[in-house]
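The next block holds one structure in the form of structure tokens; read it before the comments.
The values are calculated or read from the model by the stated rules, or taken from the named source; none is laboratory data. What you see is a predicted model, and the numbers here were worked out from it, not measured in a lab. Here the Cβ is made from the backbone with ideal geometry for all residues, glycine too, and neighbour counts use every protein chain on show. Ligands, DNA and RNA are excluded from the accessible area calculation, which covers all protein heavy atoms including side chains. Shrake-Rupley method; radii C 1.70, N 1.55, O 1.52, S 1.80 Å.
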Amino acid sequence: MTFDEFGFAPALMEGIAAMGYEIPTPVQEQAIPAILGGRDVIASAQTGTGKTAAFLLPVLHRMLTEPHVAGNIHCLIIVPTRELAQQIDQHMDALSYFTHLSSIAVYGGTAGAAFGREMESLTRGTDVVICTPGRMIAHLMMDYVKAGNLRYLILDEADRMLDMGFYGDIMKIISYLPEDRQTMMFSATMPREIRDLADKILKNPVEVSIAIAKAAERVLQIAYVVYERQKIPLLVHLLGEQKGKSILAFCSTKEKAKNLTRELKRLGLQAGEIHSDLDQQEREKVLLAFKNRALKVLVATNVLSRGIDIEDIDMVVNMDVPHEGEDYIHRIGRTARAQSEGVAMTLIGEQEQQYFAKIEKLLGKAVYKAALPLRFGEAPAWEPFKKHGGQHFRKPRR
Ligand code: AMP
């Protein structure tokens, strides 16, 4: 299938060409016709699948071709984090470059001047508003937001928003919006709470489902079974082999992230860290340095595992095994974006083998376990179902 078949407005086709998109991704193939046809949509698709363009393109097309009342907000996109809001806004800028459509990202954590600018845009009306929940409510409560003619509502990373406790905020925002609208919900996972939310806010939705493990298919996955103390030396060794490449290393806690960054810097490596202790400006500075390749290694906690679109990451290293399989898929999805291929390494500590076995079950395949280079000493055996003290876990049924 090609983008021509959707019949998009010429100005939008120019944006698509400028982005270098040649063929639609599977989620785009499925979601775009449904959204163009005016249907509500519930889509399970994670970052890396092209989901942003899957909702932006049809909505922008309809704004360009259907009559609408000027001086209003026509589309509201609610997202869990500032980084995702900014990223979608950039995506919007690029795709709508050859059109007259306007957008603004509205998110917390910025000083008063930004609030004033947001207030002005929301009062004047901006075609597409991308917001985090708390900040949007702050504006809505002051009664100047021109949302009375809103046509499209999109919830992106809905599962993440529920995890972060935004259910009440989302419902509150919706209470300010017209009932007669088209609603689209994108979520990486589909737990019960997401289904319940969908039942409440969607009308007879089209379901779009991209298999969870799909995004991970083009990633070369390798695991090392190690003792905890072998992890940092092994990472340093792997970094030495990947000179000049850009590497994202995930840690389970910010303490571990800080410790690792300190150690890498001590060894003279260009490393930076990103986690929830940093404020907005600091996070942006580090992300920019990594994007510009001034930093070769970015050490991150889960803050970054979903949503953030950094192109050209050559390798993702999991310093710890995520306890949720879906987090693993999100993390390794940071490499091998749309058309490229990437490598994901996971260092499995002794206490983490059972979690990795669960991940393999979700993937539906075993991940290759590389041999630890001899100079690191002996490695533990791969025995995920053996409990310490000789007791055995029951092997999960496939
Ligand atoms: P997303 O899943 O929306 O975060 O998109 C992941 C990456 O894929 C972004 O860098 C997009 O610019 C890119 N992308 C989206 N759609 C396509 C497409 N049809 N062809 C090539 N790249 C795409």
Worksheet item: Restricting to helices (runs of 4 or more DSSP H) lying wholly in region 107-214: which have 2 or more residues that are open to solvent by 50 Å² or more (accessible area, probe 1.4 Å)?
Response: 112-124, 167-175, 192-201
Discussion item. So in region 1-50, with the set limited to residues that are of a type in the set (A, V, I, L, M, F, W, C) and outside any helix (DSSP H, G or I), which one is nearest to V219 (Cα to Cα)?
Written reply: A45
Item to complete: Among the residues of region 88-113, write down those that are in contact with a Gly (Cβ under 7 Å, 6 or more places away or on another chain), within 13 Å of the ligand (Cβ to nearest atom) and under 30 Å from H275 (Cβ atoms).
Response: A94
Worksheet item: Of the residues that sit in region 246-262 and are open to solvent by 10 Å² or more (accessible area, probe 1.4 Å) and part of a helix (DSSP H, G or I), which one is nearest to L295 (Cα to Cα)?
Response: R262
Response to the item:
Pairing a residue in region 319-342 that is in a loop (DSSP other than H, G, I, E, B) and within 13 Å of the ligand (Cβ to nearest atom) with any residue that is among the hydrophobic types (A, V, I, L, M, F, W, C) and at pLDDT below 75, where Cβ atoms lie under 9 Å and the two sit 6 or more apart in sequence or on different chains, gives G333/A215; G333/A216; R334/L304; R334/I308; R334/I310; A336/A215; A336/A216; R337/I310
Fill in: Residue list for region 215-245, restricted to those being assigned to a strand (DSSP E or B) and either of a type in the set (S, T, N, Q) or more than 18 Å from T335 (Cα to Cα) (or both)
Q221, Y224, V225
